[in-house]
Amino acid sequence: MHANERSADFRDGMPFLGGATWIDLLNSTLSPDGGATRLDFLAEPSAFERWLANAEIEQPRDGAVAAATVSNLRDALRPAFDRLAAGKPLSTETLGFVNAGLSEAPFVRRLTLRGEGYALEEAPIGAQSSVVATIAADFARFVTDYEAQRLKHCANPACTMVFYDRGKNNHRRWCSSAVCGNRDKVANYRARKRAQLR
């Protein structure tokens, strides 16, 4: 895949297959070989800018400070994924971190008439919303309406990526059918061929 090519699973070579921005944030650090090497798409300023652009999040005024803060948010949300998947409540520390991020959002809420019903809208009040506030809001919206059994780790034991299965039947096994799913198909095909040769 070329560096600027976009797909459903990868954008500019970065994984965006989690099903929610906060899960994509967790996948911004990964180990493609089960732990021997580690890639961190937030570590370099240019990579952080590319990640934000591909996540469709507005660039911050101070990228270095934002990158460090977003990395801290990622570390705080990583254990939250497994707690939510297990149906356990979030820790007080995680709630505190998320609420601190939400407090950085410069917006006002208003109730509006939409069709025959009402909608709660968030309207910006002029200042730029922080990256942390944007991701914290995505997490907050997610936890108010999710199904624990749809939070999954990729079935490839060497893969570190996670995702939320939004499929109708909840049968997704791989972070990406084009990557880990294809590797599994190739491995099974080779195993069948070896068995036929015996």
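The values are calculated or read from the model by the stated rules, or taken from the named source; none is laboratory data. These figures come from a predicted structure and were not determined experimentally. Positions of Cβ are generated from backbone atoms using ideal geometry, with glycine treated the same way; all protein chains shown enter the neighbour counts.
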Item to check | Test: P32 is within 16 Å of the chain's Cα centre (by Cα) and either modelled with pLDDT of 95 or more or assigned to a loop (DSSP other than H, G, I, E, B) (or both) | outcome: no
Checklist outcome for this item: Within the stretch 126-159, the count of residues that are in a loop (DSSP other than H, G, I, E, B) and either of a type outside the set (S, T, Y) or modelled with pLDDT of 90 or more (or both) comes to 12
Checklist outcome for this item: Residue count, the stretch 73-93, condition surrounded by 13 or more Cβ atoms within 10 Å (Cβ to Cβ), within 16 Å of the chain's Cα centre (by Cα) and not hydrophobic (A, V, I, L, M, F, W, C), comes to 4
Checklist entry - Could you give every pair whose Cβ atoms fall below 6 Å, whose first residue belongs to the stretch 159-173 and is free of Cβ contacts under 8 Å to residues at least 60 places away in the same chain, and whose second residue is of a type in the set (A, V, I, L, M, F, W, C), counting only separations of at least 6 or pairs across chains? => result R173/A155
Item to check | Options D9, D24, D62: the member that is at pLDDT below 95, among the acidic types (D, E) and closer than 20 Å to V131 by Cα | outcome: D62
